[in-house]
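The values are calculated or read from the model by the stated rules, or taken from the named source; none is laboratory data. Please read these numbers as outputs of a predicted model, since none were measured by experiment. Counting neighbours? That spans all protein chains shown, and the Cβs are built from the backbone with ideal geometry, glycine included.
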Amino acid sequence: MDKRKYVTAFDKLCAPSGHNNTILAGAVLPDGMTAPFGHAWGYLEGASMMEAHSHPTDEFYLVVKGSGWCHVAGERFEVKPGDVVEIPPDAVHTMECGAGGELLWAAFWWDRISKK
């Protein structure tokens, strides 16, 4: 079986930059696979921070590798592998990596679903 057909992974050597060149990024899902949500890898290394931003969608980050800090709506908290971070709509948010380390997360977002 050719696992490349079913498995994708983040590769910092091939990853394009994102958020005004403040992170390395890339699609999480394989080419050709459609989903009802947006998705991207985010990667930082060294003492660096992703551009702070906001958007009207629901979003969450799943931290995969390394450690650092997440900033959401003016709060800063430590994150590590296995952590899931909720990003509320319109909340200014960013990720931050400590000196000498690296931080990899997967981001997933979708249009807000109204509660009935």
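If I filter region 8-41 down to residues being free of Cβ contacts under 8 Å to residues at least 60 places away in the same chain and outside any loop (DSSP other than H, G, I, E, B), which single residue comes out as surrounded by the most Cβ atoms within 10 Å (Cβ to Cβ)? Top of the filtered list is 24. Of all residues in region 62-98, those satisfying the criterion of being in contact (Cβ under 8 Å) with a residue 40 or more places away in the chain and touching a Ser or Thr at 6+ places or on another chain (Cβ under 9 Å) are 92, 93, 94, 96, 97, 98.
Out of everything in region 66-116 that is among the polar types (S, T, N, Q) and touching a Cys at 6+ places or on another chain (Cβ under 9 Å), what residue ends up being nearest to residue 25 (Cα to Cα)?
Start the filter on region 66-116 by keeping residues that are among the polar types (S, T, N, Q), which leaves 67, 94, 114.
In the following step, the residues that additionally are touching a Cys at 6+ places or on another chain (Cβ under 9 Å) were identified as 67, 94.
Numbers: 67: 17, 94: 14 Å.
The qualifying residue nearest to residue 25 (Cα to Cα) is 94.
Of the residues making up region 76-96, not a single one is within 26 Å of residue 5 (Cβ to Cβ) and of a type in the set (Phe, Trp, Tyr).
Looking across region 74-116 at every residue that is among the charged types (D, E, K, R), part of a strand (DSSP E or B) and in contact with a strand residue (DSSP E or B) (Cβ under 8 Å, 6 or more places away or on another chain), the one that is surrounded by the most Cβ atoms within 10 Å (Cβ to Cβ) is identified as 96.
Residue-wise test of (1) of a type in the set (Gly, Ala, Ser); (2) at pLDDT 95 or above.
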site: 32; (1), (2): yes, no
site: 47; (1), (2): yes, no
site: 51; (1), (2): no, yes
site: 63; (1), (2): no, yes
site: 82; (1), (2): yes, yes
site: 91; (1), (2): yes, yes
site: 98; (1), (2): yes, no
site: 102; (1), (2): no, yes
site: 110; (1), (2): no, yes
